[in-house]
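See below for the structure under consideration.
The values are calculated or read from the model by the stated rules, or taken from the named source; none is laboratory data. Only a predicted model underlies this, so the values are computations on that prediction, with no experimental measurement involved. Counting neighbours? That spans all protein chains shown, and the Cβs are built from the backbone with ideal geometry, glycine included.
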Amino acid sequence: MRFDLVADNWVMFAEGAWMTVQLTALSLLIGFCIALPAGLIRARRIRILSPLINIYVYAFRGTPLLVQLFLVYYGLSQFEAVRDSFAWPVLREAYWCALITFSLNSGAYATEIIRGAIETVPKGELEAAKSLGLSPRKVDFLVLIPSALRRALPQYGNEVVFMLHGSVVASVITIQDILGAGRTLNARYYIAYEGFLTAAALYMSITFVLVFAFRMLERRYLRHLRVSH
Amino acid sequence: MKKFVIAATVAATLVSAANAADINICVEGAYPPFSSTEPSGEVVGFDIDIANALCAEMGQSCELVKTDWDGIIPALLEGKCDAIIASMSITPDRMQIIDFSTKYYNSPAGFIGAEGMMESGLDGQRVGVQRGTIHHSFMEGVFPNVELVLYGSQDEIYLDLVAGRVDAIMADSIAMQEGFLDTDSGAGYAFFGESYSVPEYHGDGAGVGVRQGEEELRDAFSAAITAIRESGEYSMINAEYFDFDIFGG
């Protein structure tokens, strides 16, 4: 065991951890911004828009994240038209390719989570709001969406952990994330166990923090659903 | 029970027959022109010819064991082979884990980029290197102002150079000449700047790797390298692959 080599390279692992955390967080944030309106449109079955979103969700949930990333990173760059276009300064960067792919991927999964949550909001809650004289817009923003988001918490917590673990594919397109640091250690000293074990420990620590945070959120926002003895 | 003993004895004999060679040598088979795999599965190349010449010089019988690069040091440490002859550079990092003979060749590292590129204009540019190689360490130490992009394999860097995601590549000159510049996609690209061979980063060339503590085997390989240099055997093998002396200064 040569964990001293891990210690010598702790800066690389720290930078990798920061890259993983911020890439995951930004992807989730952008994904959520896509998913909230998209989920609402799907739940309301709004014409034209709803089938289009359905296609998007199917495409991103139906293919592996790594394949999506390869299509965006290596696939698009193959076409001269793309390389000459205004989008190239963005698509040239591995970081932006990863952020775009991860956001769209997370957005697709979150859309379905939010759609499901909106559809399962009890009719009684909405009728009660209506009977209080709230306008349809106020019912949406004060009752429907907050109630749906609360219900979506446990499932969305899973999606956050999946996104964190899915972000490892960034290391195959040159991004130095946690796994990238582990792979560098492996390639430089030919020690696999120490570097990958360190990477696993880092992912696990971040996961613990996330799971704990979601448990706290659930405890706070789903208090009314808990069975008390 | 008796049958079992006989069977075990036969099996043991077979195993020892398979390992009858004095020295098992790990070779790679995916790094032309140093080692590549023929359609028949046979491994050929400069490293292989050198390995055979060294064994003949030492008067030992050798068995070549084809091993992936990622697993080649573990294979040595686990005893699947006794020596590595796979263009492995002798570096301080690797010396922490295994031991090396003296070098058997030393090819310089260099930059390639679009024709007309200058080394003086490298600051702030993106240079692709293979992750964890001597070229990675070299760039970090000597060119701190360039933006390094890390790749898993050399082929991916060539793709991104052509796509315009990196401006230049730092790697082994001979590998890039054969693997990229001499191919169709290499048109419009060329070497630029100096060629580098800095012992601190690039080590002292490629050597024969052995387990630590096996000084006798290590010294036997070093002596054999000197001997084939002197006998002219080395220059004959060299001439088959390169039009210059790859042994280096």
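Summary of values
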quantity	calculated
Positions within the range A:75-113 being within 14 Å of chain B (Cβ to nearest Cβ) and touching a residue at least 60 places away in the same chain (Cβ under 8 Å), in sequence order	A:A94, A:Y95, A:C97, A:A98
Residue selected from the range B:167-194 under the condition at negative phi, small (G, A, S) and at pLDDT 85 or above, by the criterion surrounded by the fewest Cβ atoms within 10 Å (Cβ to Cβ)	B:A187
Residue within the range B:47-56 that is in contact (Cβ under 8 Å) with a residue 60 or more places away in the chain, within 14 Å of chain A (Cβ to nearest Cβ) and in contact with a strand residue (DSSP E or B) (Cβ under 8 Å, 6 or more places away or on another chain) present	no
Matching helices (runs of 4 or more DSSP H) fully within the range B:39-105 where at least 1 residues are basic (K, R) and within 22 Å of B:A175 (Cα to Cα)	B:92-95
Cβ-Cβ under 9 Å pairs, at least 6 apart or on other chains, the range B:23-45 side assigned by TED's automatic domain parsing to the domain that holds B:C81 and within 16 Å of B:C55 (Cβ to Cβ), far side of a type in the set (K, R) and in a strand (DSSP E or B)	B:C26/B:K66; B:V27/B:K66; B:S35/B:K66; B:V43/B:K66
Residue that is farthest from the chain's Cα centre (by Cα) [pool: residues in the range A:164-174 that are crowded, with 23+ Cβ neighbours inside 10 Å and within 13 Å of chain B (Cβ to nearest Cβ)]	A:T174
Residue within the range A:192-212 that is assigned to a helix (DSSP H, G or I), within 14 Å of chain B (Cβ to nearest Cβ) and touching a Ser or Thr at 6+ places or on another chain (Cβ under 8 Å) present	yes
The lone exception for A:V161 - which of (1) buried (at least 21 other Cβ atoms within 10 Å of the Cβ); (2) among the β-branched types (V, I, T); (3) more than 8 Å from chain B (Cβ to nearest Cβ) it fails	(1)
